[in-house]
Amino acid sequence: MSVRILGTGSYLPPKIVTNDDLSKSLDTSDEWIWSHTGIRSRHIAEADDCTSTMAAKAAQAALESAGVAPAEIGLIIVATSTPDYATFPSTACLVQAALGCSECGAYDLQAACAGFVYALEQARCWAKVNKGAKALVIGAETLSRIVDWRDRGSCILFGDGAGAVVVGEAEGEGPAAHTVLWADGKGASFIYRDGGTRLKPQPGMFPIPTLVLQGHDVFAFAVRALAKVTNQLCEKLGTTPAALDRVFAHQANGRIIEAVARRMKLPIEKFYLNLETTGNTSAASIPIALDEARRKGELKDGMKIVLCGFGAGLTYAGTYLQWPHL
């Protein structure tokens with residue numbers, strides 16, 4: 001039995017914050033942000049939106065794309081670093097209730113910006129051993145609520161949004177596919193959000209523990225990691241990166257993706273890019289890009305693609321597939 005992506009969906013909140021908007025409160029400019037990140041604007045959640053509501057909207061779009069009813073879903077996995085609640089209940093349970101998926105498992109997965117690839121592999125394995133079952137895999141983030149808007153080195157990067165796919169059984173064996181999951185905990189200090197049992201409040205601390213980013217260290221790691229997983233996947237399946245039709249890399253920073261393309265000697269056109277108008281949406285970035293590409297008609301059956309991401313932890317992961325088979 002093989003598994004395939006049956007449908008995709010995404011949601012971006014209507015509020016848009018441009019670089020010019022940010023320059024009104026930060027010592028920066030549209031030119032500087034664009035030249036360093038490739039970002040022009042990002043979507044920011046309004047007061048009545050949060051991770052679960054955006055995740056549910058993306059999931060509903062994916063269900064409609066797949067022609068699947070909520071009652072057919074047997075598992076919901078939400079990859080997120082910004083859950084509605086600090087620890088529990090899971091955002092996935094809130095999405096389950098919102099969608100009306102009455103009888104299914106639901107849980108959150110935390111692998112930062114690589115979370116969607118991690119979650120997709122879990123759903124693929126689950127669907128493979130549960131014949132006829134269907135799963136919802138969602139990446140959703142409300143990063144605007146955890147960034148320090150006084151820190152121009154980090155807040156310029158991030159946006160809010162959600163993307164989702166429905167995963168289910170396909171006829172026959174399907175083409176070859178493969179996934180690699182990696183982590184390097186020695187780099188945990190490169191990206192983190194303080195809090196939990198490690199939090200030691202200090203006088204003058206920002207009211208909500210915010211994201212901390214060591215940009216140069218992350219940049220160097222990301223370039224190595226994305227190139228590594230793409231090369232590993234191609235080697236495993238007896239092909240080369242040059243034979244890929246498209247690479248859907250985590251939309252963290254346009255300059256990172258350009259550096260990966262140079263390192264792998266690939267034309268930048270092979271990399272799907274949409275962060276100019278979305279910013280870095282962490283675990284949501286890959287499924288948002290997949291849905292956008294599908295709706296634009298840029299994803300064709302049989303296309304050889306790689307999904308690859310990296311994030312806090314440090315985590316990194318990749319999946320090679322021939323669309324839409326996993």
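In table form, for the structure just shown:
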item	result
Residue among G309, A123, P83 farthest towards the positive dipole end of the chain, charges placed on Cβ	G309
Ranked packing of 232-243, 37-48, most packed first, by mean Cβ within 10 Å	37-48, 232-243
Alpha-carbon centroid distance for the pair region 125-196 / region 57-115, whole angstrom	12 Å
Dipole in debye (nearest 20) - region 116-177, about Cα centre, beta carbon charges: Lys, Arg +1; Asp, Glu -1	120 debye
Cα-based equivalent ellipsoid, region 29-124: semi-axes from gyration tensor eigenvalues, Å	28, 15, 15
Full-extension gain in nm, M303 to H36, via 0.36 nm per residue minus C-alpha separation	93.0 nm
Unit charges on C-beta of K, R, D, E only; dipole of the chain, Debye	800 debye
Dipole of the chain [Lys/Arg +1, Asp/Glu -1 at C-beta], most positive-end residue of H250, A293, G161	H250
The chain - share of DSSP beta bridges that are antiparallel (%, nearest 5)	70 percent
Chain lengthening between D245 and D184 when straightened (0.36 nm per residue, less Cα-Cα)	19.1 nm
Charge dipole (the chain, unit charges on Cβ, about Cα centre) - positive-most of L226, G238, Q214	G238
Ranked by how many other beta carbons lie within 10 Å on average, peptides 110-118, 219-227, 295-303, 269-277 from highest	110-118, 219-227, 269-277, 295-303
Calculated FRET efficiency for the pair Q232/E269, C-beta based, R₀ 22 Å, to 0.05	0.45
For peptides 74-81, 6-13, sequence by mean Cβ density within 10 Å, most packed first	74-81, 6-13
Separation in nanometres of the label points that stand 7 Å from Cα toward Cβ, at E258 and S102	5.4 nm
Region 178-322 - percent relative contact order, Cα under 8 Å, separation 6 or more	37 percent
Region 2-170 - share of DSSP beta bridges that are antiparallel (%, nearest 5)	65 percent
Label-to-label distance, nm, for residues given as K296 and R145 (7 Å Cα→Cβ offset)	3.0 nm
Between region 31-51 and region 233-287, the Cα center-to-center distance that results, in Å	20 Å
Length added when fully stretched, E64-Y85, from 0.36 nm per residue minus Cα-Cα	4.8 nm
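Values quoted throughout were computed directly from the atomic coordinates according to the rules given, and no laboratory measurement underlies them. Since we're looking at a predicted model, the values are computed, not measured. Cβ coordinates were reconstructed from backbone atoms using ideal geometry, including for glycine residues, and neighbour counts include every protein chain displayed.
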